[in-house]
Amino acid sequence: MTVHALRASVDHGLDTITGDRPASVMFDIPIELAQPADVLQTITGWAEEQRTRRVMYVNAHVVNQARVIPELAEALRRADLVYCDGYGVRLAARVLGRPVPHRMTGADWIWALSLLCELDGHGLYLVGSEPPLAQQAADRLRRRCPQLRVCGAHHGFFDLDSPHNERVIEDINEQRPRIVLVGMGTAQAGAVGRPLRPAGSRTA
């Protein structure tokens, strides 16, 4: 999808939602109901703010994990936006008689998000996966979006309470991305004692 198509889909749909947004609450988790294009507009709009935001996803596996990992459930409830990343969640919404959220996966939205960031001048930083996959992903984004500022990339194989973790946060602070994309698994994300909130950067 091109940037112009994304902009048009937002212009002809719902206004960008601020404050409380419509959500389908399942198992105490509020799941976003906005169209994917609106979600991306919300995220890139947050990148302009002087505060940190956190975006997470749920699929059937994540919901099951959240039922047995209190920290993950709390992280999902406290996230600024939780989107649907699986048909199992849509099926559960139908069974429960709740509004059915739209499904969007990382493979679907990463290219559109990168186009919007390229247009708006927002820098990205990638954290996660095995070495050297994060760097390879960054290289692919740069090839697809030549004007996109990919500030950095780092694998996710380090302990969250280690000096290595602190060095990664220091690098993010130095590079000052607007959005940090973290792909380190939901179990690890739920176990984080403090969210990734590097000073001086605005993340979504």
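Within segment 123-171, the chymotrypsin sites (Phe, Trp or Tyr not before Pro) that combine a DSSP coil assignment with at most 15 other C-beta atoms in a 10 angstrom radius are Phe157. Computed from backbone phi, the HN-Hα couplings of segment 52-69 come to 8, 10, 10, 10, 10, 10, 9, 10, 4, 5, 5, 4, 4, 4, 5, 6, 10, 10 Hz, rounded to whole numbers (Karplus: 6.51 cos²θ - 1.76 cosθ + 1.60, θ = phi - 60°; Gly and Pro given as x). The alpha carbons of segment 84-124 occupy a box of 42, 16, 12 Å along the principal axes, longest dimension given first.
Could you look at segment 52-191 and say what percent of its accessible area is carbon and sulfur, using a 1.4 Å probe and all protein chains? Display every interim value, and only then the final one.
Working: 3640 of 7290 Å².
Summing carbon and sulfur atoms, their accessible area is 50 percent of the total for segment 52-191.
Full extension of the chain segment joining Glu71 with Arg176 gains 35.0 nm, where the gain is 0.36 nm per residue of separation less the Cα-Cα distance. Checking the a/c ratio against 1.5 first, then a/b against b/c, what shape does the Cα gyration tensor give for segment 103-176? Taking the square roots of the gyration eigenvalues as a ≥ b ≥ c, segment 103-176 is prolate.
The values are calculated or read from the model by the stated rules, or taken from the named source; none is laboratory data. None of the values given here were measured: they were computed from a predicted structure. Here the Cβ is made from the backbone with ideal geometry for all residues, glycine too, and neighbour counts use every protein chain on show. Just so you know, the surface numbers come from the protein's heavy atoms only, side chains and all, with ligands and any DNA or RNA stripped out. Shrake-Rupley method; radii C 1.70, N 1.55, O 1.52, S 1.80 Å.
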